[in-house]
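The values are calculated or read from the model by the stated rules, or taken from the named source; none is laboratory data. These figures come from a predicted structure and were not determined experimentally. With ideal geometry, Cβ positions are generated from the backbone for all residues, glycine too; neighbour counts draw on all protein chains shown. Just so you know, the surface numbers come from the protein's heavy atoms only, side chains and all, with ligands and any DNA or RNA stripped out. Shrake-Rupley method; radii C 1.70, N 1.55, O 1.52, S 1.80 Å.
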Amino acid sequence: MALGDTLCLSRAGRRIRSFPLGVSALELGSHPDCDIVIHATAVPPRSKLFQPHGGTVFVYDLDERPGLGARSVMPIGQRLAVGAGYTVTRLKADAVPFAQGGTELIRGRGPERARLSLIGGYGTAARAFHLGEQPLSLGGAPDNAMTLSDRAVSRYHCRIEPSAQGVLVRDLGSTNGTWVDGLRIRRHELRPGAVLTVGRTALRVVRRSNVRSAPSGLVVESTPMLSVMAEVDRFATLPWPVLIRGETGVGKEHIAQALHERGPRPKGPFVPINGGGLPRELIESELFGHERGAFTGAVQTHRGAFEQAHGGTLFLDEVAELAPDLQTRLLRVLETWQVRRVGSESTRRVDVRLLCATHKDLRAMVREGRFRSDLYYRIHRLVVDIPPLRVRPDDIAPLAAHFIRLMEQDVGERRIAPGALARLHEYPWPGNVRELRNLLELAAIDCDGALIDLASVERALRRCAEPSVHCSSAGSLRETLEQYGGNMSAAARALGIPRSTLRDRLQGSSKLGS
């Protein structure tokens, strides 16, 4: 890779110093925090910002305001006057002796820049600012790219600048300072999981997913899910248990995998086990293991999930389904971090990060006596709530693209028509992300050619809804109706049946019960 171009600072035609481009933006001015400092009163404190992007260098005028002013392109060889007889010239790297450089030139290509966002607020009330390839200013003035209604924020508080290594934040001489993870900074690199504080406003740095490289099912574009991932980045480095809550099919296991991969033990094992997916007589053995001959069929010793996850993460899905005696044993493990296999007289110490998940209201189960309160408070220390797909429609299109890409090896190339995608946005997705994937698989098989059109999606919706039409009890129909606040049209769409059919079935069940 060729070396980056260089900015040469001259005065009266005499070169003073060279500054390599291609790593990050360079700020010029008389302020001591600038990258290129000119000690002259005729030069504004912050005068110019030179931002390399690809093979182009953009120049932002900061004379009028320290945020970002007018932008122009600086070609090779151009001389730019900056006041008091000083000029800056962009030159090819090989035209400038390396010894004149004030900073070591970076050779080679840095890591791929993460797609980052700043998240303010939580859940569905969160607000997202996507960080792109251009610098942007943040402050209280209305002409900032990110305007905050916070009286503790300066008019032009700080600037976010993309760089070859990631994203930098630069304080612009704010009154109350710019803080990253509790430390006051002048210029600092932002990484996923960091908290940027300006005034009284805390902004969490979160990584947006890349559909081409995202783990299966974990595609994050909507603001509610970006807020979730900000919590994931914050909790991942902590050793405490995490409770992941959300409806069936929202992707709780994928969030658990993200907590594992972004934590301090990503190379350790990740062991998932479903507390409600195994018979009562097997779940104890699967969790804690058993010795040979401990019971009929125990023909050999078995290491349980806790032992298998030693040095890594255990993901216990559907924790609410555990029987009371198993809840007691689980609580004992969390208190001592020792497990005893079924049929054994000794214990074994384990080092495990425990992640639990449920779609039920554990607090209500505690009140009803169906879940131990002491276990509840053990696993309820850190909580991640995953919103259903129906409240984050911005994720539907990228999820669809992701699932279609995953299917290409089996069904060939597919693409989705705009009308079909619009229909996906209208559907309420009671089965969430899992239902979306199943539906797209059906539509991909059913469509003629490579285009998944509206007709294919409608047929897939009807096929997915068939079990609901023929097998749903009157009780489940009423539960669906209650879930949608008594809105019969919305409930009928969720069940995949006409509104009139839902009405007739409910009326029929009422007559039978009278």
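In region 290-310, which residues are out of contact with any Pro (no Cβ under 7 Å at 6 or more places or on another chain), closer than 30 Å to Lys267 by Cα and among the aliphatic types (A, V, I, L, M)? Hit for region 290-310 is Ala305, nothing else. Just checking, how many residues over region 1-10 are part of a loop (DSSP other than H, G, I, E, B) and either at pLDDT 90 or above or open to solvent by 50 Å² or more (accessible area, probe 1.4 Å) (or both)? Of the residues in region 1-10, 3 are part of a loop (DSSP other than H, G, I, E, B) and either at pLDDT 90 or above or open to solvent by 50 Å² or more (accessible area, probe 1.4 Å) (or both). Among the residues making up region 407-431, a single one is surrounded by fewer than 16 Cβ atoms within 10 Å (Cβ to Cβ), of a type in the set (A, V, I, L, M, F, W, C) and over 26 Å from the mean Cα position of the chain (by Cα): Val411. The number of residues in region 405-438 that are more than 20 Å from Lys252 (Cβ to Cβ) and either free of Cβ contacts under 8 Å to residues at least 60 places away in the same chain or among the charged types (D, E, K, R) (or both) comes to 21. Tell me whether region 372-387 contains one or more residues that are in contact (Cβ under 8 Å) with a residue 60 or more places away in the chain, under 30 Å from Thr296 (Cα atoms), touching a Ser or Thr at 6+ places or on another chain (Cβ under 9 Å) and not acidic (Asp, Glu). So far as region 372-387 goes, no, none of its residues is in contact (Cβ under 8 Å) with a residue 60 or more places away in the chain, under 30 Å from Thr296 (Cα atoms), touching a Ser or Thr at 6+ places or on another chain (Cβ under 9 Å) and not acidic (Asp, Glu). For region 91-115, which positions are modelled with pLDDT of 80 or more and small (Gly, Ala, Ser)? Those that are modelled with pLDDT of 80 or more and small (Gly, Ala, Ser): none in region 91-115.
In summary, strands (runs of 3 or more DSSP E) completely within region 155-249 and bearing 1 or more residues that are touching a residue at least 40 places away in the same chain (Cβ under 8 Å), open to solvent by 10 Å² or more (accessible area, probe 1.4 Å) and within 30 Å of Trp337 (Cβ to Cβ) occur at 242-245.
Can you find even one residue in region 11-21 that is surrounded by 21 or more Cβ atoms within 10 Å (Cβ to Cβ) and under 38 Å from the mean Cα position of the chain (by Cα)? Looking through region 11-21, at least one residue is surrounded by 21 or more Cβ atoms within 10 Å (Cβ to Cβ) and under 38 Å from the mean Cα position of the chain (by Cα). Take the residues in region 129-153 that are open to solvent by 20 Å² or more (accessible area, probe 1.4 Å) and polar (S, T, N, Q), then tell me which one is farthest from Ser72 (Cα to Cα). If we take residues in region 129-153 being open to solvent by 20 Å² or more (accessible area, probe 1.4 Å) and polar (S, T, N, Q), then Ser149 is farthest from Ser72 (Cα to Cα).
Residue-wise test of (1) touching a helix residue (DSSP H, G or I) at 6+ places or on another chain (Cβ under 8 Å); (2) surrounded by 19 or more Cβ atoms within 10 Å (Cβ to Cβ); (3) under 19 Å from Gly276 (Cα atoms).
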{"site": "Glu321", "(1), (2), (3)": "no, no, yes"}
{"site": "Leu331", "(1), (2), (3)": "yes, no, yes"}
{"site": "Gly369", "(1), (2), (3)": "no, no, yes"}
{"site": "Tyr376", "(1), (2), (3)": "yes, no, yes"}
{"site": "Ile386", "(1), (2), (3)": "yes, yes, no"}
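Among what's in region 116-139 and is in a loop (DSSP other than H, G, I, E, B) and over 20 Å from Leu49 (Cβ atoms), pick the residue that is modelled with the lowest pLDDT. Per the criteria, the residue is Tyr122.
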